[in-house]
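The values are calculated or read from the model by the stated rules, or taken from the named source; none is laboratory data. Remember, predicted model here, so these are calculated numbers, not experimental data. In this analysis, Cβ positions are derived from the backbone assuming ideal geometry, glycine residues included, and neighbour counts consider all displayed protein chains.
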Amino acid sequence: MRFARLSVYTRSLRFRLLAWNTFVVLLMVVVTLLAVREGLRLMLIREMDQLLEEDLLEIRLAVEQFYPNWDQIQEELNRKAIGHAHRELFVQVLDAQGQPLRSSVNTPDAASSAGTGVLGRTLVGGAFRVMSRPLSKPGLPPLTIRVGSTLRFVREDVANLSRMSIWVAIALLPLAGWGGYWLAGRATKPLAQIIRMAARLRPSQLDERLPIRRTGDELDQLSRTINGLLDRIADYLAQNREFIANAAHELRSPLAAIQSSVEVNLNAARTIGEYQELLGEIAEECSSLTGLVNQLLLLAESDAGPSQLIRQPVLFDRIVNKSLDMFHGAAEERGVELHAQRLDRLVVSGDPNRLWQVVNNLIDNALKFSRPGGNVSVELRYEPQRAAAVLRVSDAGVGIPPEDLPHVFERFFQGDRSRQRESPTRGNGLGLSICQSIVQAHGGTISVQSVPGKGTQFTVILAAQPAEDQGTLIPATETAAH
Ligand SMILES: Nc1ncnc2c1ncn2[C@@H]1O[C@H](COP(=O)(O)OP(=O)(O)O)[C@@H](O)[C@H]1O
Ligand SMILES: [Mg+2]
């Protein structure tokens with residue numbers, strides 16, 4: 001249990017920021033420490049070399065002065081070495097082979113066996129810094145002077161500095177960690193707020209919104225995005241609620257009609273003829289109920305989007321033709337001329353039954369809102385530049401008032417019914433929303449243009465190919481049922 005909580009914590013953004021911050025500080029401290037240490041070491045050694053140079057010069061002068069009085073020279077060497085005992089200085093005079101002729105008293109053993117590598121600076125036994133210089137003066141044999149002093153102090157100083165720095169680092173690291181923790185906390189606090197609010201949200205309770213801190217940073221953007229999403233979800237839910245209320249209302253009317261007819265007729269004995277009339281009425285209401293329920297189902301399926309869609313190559317012009325054939329009788333009955341202006345042969349990928357539904361709904365509306373003697377024209381055109389089928393259904397009917405135009409695709413929206421002529425297909429305001437839902441599920445668009453009193457044109461655009469391009473075709477359904 002405790003382990004689980006720990007693993008949640010270690011995966012948190014805050015912990016990772018903290019760990020990263022601490023790691024960077026630690027790295028910086030280590031790198032700085034190494035650099036300072038090396039700098040200090042070089043500086044101390046340079047200082048030491050300067051002193052050794054001075055020692056060399058001094059001894060050279062003494063040797064030149066006292067040669068060949070070796071006793072005197074030995075005394076000078078000792079005096080020099082003792083005078084600089086705090087540096088553990090030793091001084092030697094070497095012969096041409098690099099063997100020591102005279103050494104100061106404190107010369108370490110390692111220096112005697114240093115061999116012939118006497119020029120320049122070397123370390124003796126790793127613990128001494130040594131410097132040699134040949135001495136060549138007329139009248140003197142070739143001698144070499146060698147001085148050396150301990151590196152112990154350099155090492156001690158460097159070690160002291162390191163130790164001190166490590167203590168400082170140990171003291172500062174928690175501060176850095178705490179600072180990182182605090183900063184990470186501040187940075188992730190809005191996130192925690194977002195998480196808390198998101199956990200509180202319920203579909204029935206979507207009024208809460210995240211506060212915008214106006215910092216313009218990514219967290220503010222995230223809050224804005226989430227708020228926008230919540231707005232859209234709330235809108236969608238409100239629409240859905242309205243839709244359900246409307247649907248219930250529409251279903252209730254035929255049911256109420258059935259119920260009242262039945263109740264009235266049950267009150268007294270009726271003749272067979274009266275019962276037959278009653279059953280006829282009930283059958284009519286039932287068929288209207290079935291129609292509505294079918295439309296609601298269609299809408300629900302189309303709303304599920306492309307995933308629920310049958311996709312097959314469909315000869316769209318044949319679907320349009322079939323629909324035209326179907327409405328011919330109805331058009332004649334109303335005295336409206338229905339004709340196809342142009343039908344390009346083309347193939348659309350989609351569900352033939354639903355596409356047929358779209359064409360039917362558009363032609364049905366065009367006829368319904370036409371005046372006697374009017375005409376309805378249907379055009380299907382292939383547009384090669386955007387590889388699209390453009391279907392236009394135009395009428396010269398009553399038109400749609402501008403204030404209604406933005407609403408015609410809304411569910412259950414019906415314009416002023418007085419403009420509507422008696423129609424065999426009793427509308428319920430779902431036709432165009434079904435069209436829109438189907439077209440959108442096919443990745444297409446539907447739009448409307450209308451001039452009141454002059455007429456209306458609906459345009460559907462779907463991705464398509466000319467029919468000739470297709471090899472084997474599944475022809476547009478012959479079985480498409482209404
Ligand atoms: N061709 C048209 N001419 C005039 N108005 C139309 C036309 N098509 C649709 N409308 C308007 O849009 C509304 C919605 O249409 P629709 O969704 O098919 O519902 P319904 O046909 O059941 O009324 C109609 O009630 C009508 O006001
Ligand atoms: Mg309609």
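Rundown of residues vs (1) within 16 Å of ligand 2 (Cβ to nearest atom); (2) assigned by TED's automatic domain parsing to the domain that holds Ala247, yes/no style:
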site: Leu299; (1), (2): yes, yes
site: Arg311; (1), (2): no, no
site: Phe316; (1), (2): no, no
site: Asn321; (1), (2): no, no
site: Gln341; (1), (2): no, no
site: Ser349; (1), (2): no, no
site: Asn360; (1), (2): yes, no
site: Asn375; (1), (2): no, no
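Taking Arg232, is it free of Cβ contacts under 8 Å to residues at least 24 places away in the same chain and closer than 30 Å to Leu42 by Cα? No: the conditions fail for Arg232.
Between Val63, Val91, which is of a type in the set (Val, Ile, Thr), touching a Lys or Arg at 6+ places or on another chain (Cβ under 6 Å) and under 16 Å from Ser132 (Cβ atoms)?
Working: Val63 fails: touching a Lys or Arg at 6+ places or on another chain (Cβ under 6 Å).
Just one listed residue meets the conditions, Val91.
Can you tell me which residue is modelled with the highest pLDDT among those in segment 276-314 that are of a type in the set (A, V, I, L, M, F, W, C), part of a loop (DSSP other than H, G, I, E, B) and within 12 Å of Pro352 (Cβ to Cβ)?
Of the residues in segment 276-314, the ones of a type in the set (A, V, I, L, M, F, W, C) are 278-279, 282-283, 286, 289, 292-293, 296-300, 304, 309-310, 314.
Imposing the further condition that a residue be part of a loop (DSSP other than H, G, I, E, B) reduces the set to 304, 309-310.
Pick out the ones that are also within 12 Å of Pro352 (Cβ to Cβ) and you get 309-310.
Values: Leu309: 82, Ile310: 86.
Filtering segment 276-314 for residues that are of a type in the set (A, V, I, L, M, F, W, C), part of a loop (DSSP other than H, G, I, E, B) and within 12 Å of Pro352 (Cβ to Cβ), the one modelled with the highest pLDDT comes out as Ile310.
When the residues of segment 71-90 are filtered to those that are at pLDDT below 90 and part of a helix (DSSP H, G or I), the one that is nearest to the chain's Cα centre (by Cα) is Arg87. Identify all residues within segment 377-399 that are modelled with pLDDT of 95 or more, among the aliphatic types (A, V, I, L, M) and within 14 Å of ligand 2 (Cβ to nearest atom); write none if there are none. Once the filter is applied, which keeps residues that are modelled with pLDDT of 95 or more, among the aliphatic types (A, V, I, L, M) and within 14 Å of ligand 2 (Cβ to nearest atom), segment 377-399 yields only Val393.
If the condition is being polar (S, T, N, Q) and either surrounded by 18 or more Cβ atoms within 10 Å (Cβ to Cβ) or assigned to a loop (DSSP other than H, G, I, E, B) (or both), then segment 315-339 contributes only Ser323. In the set (1) more than 10 Å from ligand 2 (Cβ to nearest atom); (2) surrounded by 15 or more Cβ atoms within 10 Å (Cβ to Cβ); (3) at pLDDT 95 or above, the condition left unmet by Thr445 is number (2).
Identify all residues within segment 293-308 that are of a type in the set (A, V, I, L, M, F, W, C) and either surrounded by fewer than 18 Cβ atoms within 10 Å (Cβ to Cβ) or under 26 Å from Ser394 (Cα atoms) (or both); write none if there are none.
Our first condition is that a residue be of a type in the set (A, V, I, L, M, F, W, C); within segment 293-308, this holds for 293, 296-300, 304.
Passing the criteria: Val293, Leu297, Leu298, Leu299, Ala300, Ala304.
For beta carbons closer than 7 Å, sequence separation of 6+ or different chains, a first residue in segment 431-448 that is at positive phi and a second that is part of a strand (DSSP E or B) and away from ligand 1 (no atom under 12 Å from the Cβ), the qualifying pairs are Gly443/Ala463.
Looking only at residues that are assigned to a strand (DSSP E or B) and without any contact (Cβ under 8 Å) to a residue 60 or more places away in the chain in segment 348-394, which one is farthest from Gly444 (Cα to Cα)? Explain how you work it out, then say what you get.
Taking segment 348-394 as the starting set, the residues that turn out to be assigned to a strand (DSSP E or B) are 348-350, 375-383, 388-394.
Pick out the ones that are also without any contact (Cβ under 8 Å) to a residue 60 or more places away in the chain and you get 375-379, 381, 383.
Working: Asn375: 27, Val376: 23, Ser377: 21, Val378: 18, Glu379: 17, Arg381: 15, Glu383: 14 Å.
Out of the qualifying residues, it is Asn375.
Would it be correct to say that Ser433 is modelled with pLDDT of 90 or more, in contact with a Ser or Thr (Cβ under 6 Å, 6 or more places away or on another chain) and not hydrophobic (A, V, I, L, M, F, W, C)?
Numbers: modelled with pLDDT of 90 or more: yes; in contact with a Ser or Thr (Cβ under 6 Å, 6 or more places away or on another chain): no; not hydrophobic (A, V, I, L, M, F, W, C): yes.
Answer is no for this residue.
Could you tell me which of the residues Leu61, Leu40, Leu56 is under 60 Å from the mean Cα position of the chain (by Cα), closer than 29 Å to Leu151 by Cα and modelled with pLDDT of 90 or more? Show your work before the answer.
Values: Leu61 fails: under 60 Å from the mean Cα position of the chain (by Cα); Leu56 fails: under 60 Å from the mean Cα position of the chain (by Cα).
Step by step, each of Leu61, Leu40, Leu56 is checked, and only Leu40 is under 60 Å from the mean Cα position of the chain (by Cα), closer than 29 Å to Leu151 by Cα and modelled with pLDDT of 90 or more.
Look at Gln414 and say whether it is within 13 Å of ligand 2 (Cβ to nearest atom) and either closer than 23 Å to Val451 by Cα or modelled with pLDDT of 95 or more (or both).
Numbers: within 13 Å of ligand 2 (Cβ to nearest atom): yes; either closer than 23 Å to Val451 by Cα or modelled with pLDDT of 95 or more (or both): yes.
Criteria met by Gln414.
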